[in-house]
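The values are calculated or read from the model by the stated rules, or taken from the named source; none is laboratory data. Since the model is a prediction, treat every value here as computed from it, not as a measurement. Using ideal geometry, Cβ is built from the backbone for each residue, glycine included, and neighbour counts are taken over all protein chains shown. Side chains are part of the model used for accessible areas, which takes the heavy atoms of the whole protein and leaves out ligands, DNA and RNA. Shrake-Rupley method; radii C 1.70, N 1.55, O 1.52, S 1.80 Å.
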Amino acid sequence: REQLLDAIASGAARQAFGRWVEAQGGDAGALDRIGRVPAPRETVIRARAAGYLRRVACRDLGFLLIEAGAGRASPGVAIDPDVGLRFDARLGQRLEAGDEIARAYVRRQDPVWTERLAACFEVGPEPVEPPPPVGERIATA
């Protein structure tokens with residue numbers, strides 16, 4: 001855990017991530033532009049009922065973001081670095097109806113895509129234990 005915190009504090013983690021982005025054919029310079037204005041359309045996903053965020057279909061989210069331009073379905077396809085997703089709720093978090101779960105930044109609004117995105121987030125009446133942070137899982141492996 002201490003090594004992880006040191007890598008983050010020193011900037012070594014960011015540099016390693018930049019090398020990984022470049023190895024995948026991405027623009028590591030985009031990391032320096034974080035915080036700029038995202039894609040022009042916002043799609044807000046809200047809890048439809050009170051409960052706990054029980055599950056997030058991460059694989060489905062990934063494919064939806066590829067469709068929106070945030071990733072590649074095949075080599076050579078351009079990635080739109082302004083398209084993305086911000087999570088506002090965490091697994092196990094108690095939500096009230098209407099609370100924001102996530103916000104997608106996209107180029108165009110598509111109600112069908114938005115409904116598919118919303119379906120990736122399961123809110124239910126029973127609480128769940130959130131998984132431990134990745135750093136803790138690595139430390140105990």
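Descriptive notes on the structure:
- Under Stokes-Einstein, with the Kirkwood radius over Cα pairs as Rh, the value for the chain at 25 °C and 0.890 mPa s is 144 µm²/s.
- Apolar share of the accessible surface for the chain: 55 percent from carbon plus sulfur atoms, 1.4 Å probe.
- Cβ-Cβ FRET estimate between residue 78 and residue 19, R0 fixed at 22 Å, reported to 0.05: 0.55
- Mean Cα-pair separation over length for the chain, i.e. relative contact order, pairs under 8 Å, 6 or more apart, %: 33 percent
- Contact order normalised by residue count of the range 38-100, Cα under 8 Å, 6+ apart, percent: 54 percent
- Net charge over other residues, Cβ less than 9 angstrom from the Cβ of residue 54 (K, R count +1; D, E count -1): -1
- Surface exposure of the chain, expressed per residue as accessible area with a 1.4 Å probe, stands at 67 Å².
- Sum of side-chain charges, residue 88 neighbourhood, beta-carbon under 14 Å (Lys, Arg +1; Asp, Glu -1): +1
- Mean-position separation - Cα centroids, the range 1-56 and the range 84-121, in angstrom: 16 Å
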